[in-house]
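In what follows, a structure is listed as structure tokens, so that the remarks can point back to it.
Just so it is clear, none of the values below were taken in a lab; they were calculated from the coordinates. Owing to the predicted nature of the structure, the values given are computational and were not obtained by experimental measurement. Cβ sites come from the backbone with ideal geometry, for glycine too, and all protein chains shown count toward neighbours.
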Amino acid sequence: MIVTVLAILETDFVPQKNLAKIMNERLERAAKELQQVHLKTLSGSGFSTDDLIVYLSYNPKFKIRFRVVNDVPSDVEYFVNELCARLGYMPWKTALLERINLLG
């Protein structure tokens, strides 16, 4: 399984420029850590050959939110949901991603 975690830097809010830089760096670090450390076990043998794509962003209250954006087996999606919840990430529930997927 190929695991990709993307930091989505464009959000529903516009923080001050200095704060935005710090927040974007934090989000990119969180995405890298999620992909290379926490979800590394999914990259091993024994898992499906499907890809896993996870988006990370901020919600308007500056909490990290996540969403699995492609079709994966339910056990993989459950694993990601549980892991992200333990890390304190919120589920990303918005129609915006559905519109992006329809356009892409």
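Worth a mention:
- Pairwise label distance in nanometres, Q16 with S43, each label 7 Å out on the Cα-Cβ vector: 3.8 nm
- Under-5 Å amide H pairs with R65, H placed in peptide plane, nonlocal only: S57, Y58, N59, M90
- For the listed peptides 85-92, 17-24, 31-38, a ranking on the average number of other beta carbons within 10 Å per residue, highest first, reads 31-38, 85-92, 17-24.
- Over 19 Å between alpha carbons, listed pairs K63/K93; K32/K63; K17/K93: K17/K93
- Cut-off under 5 Å, modelled amide H: who pairs with V5 long-range: V54
- Karplus-based coupling profile of region 21-38, in residue order and whole Hz: 4, 5, 5, 5, 5, 4, 5, 5, 5, 5, 5, 5, 5, 4, 6, 8, 10, 6, with θ = phi - 60° in 6.51 cos²θ - 1.76 cosθ + 1.60 and x standing for Gly or Pro.
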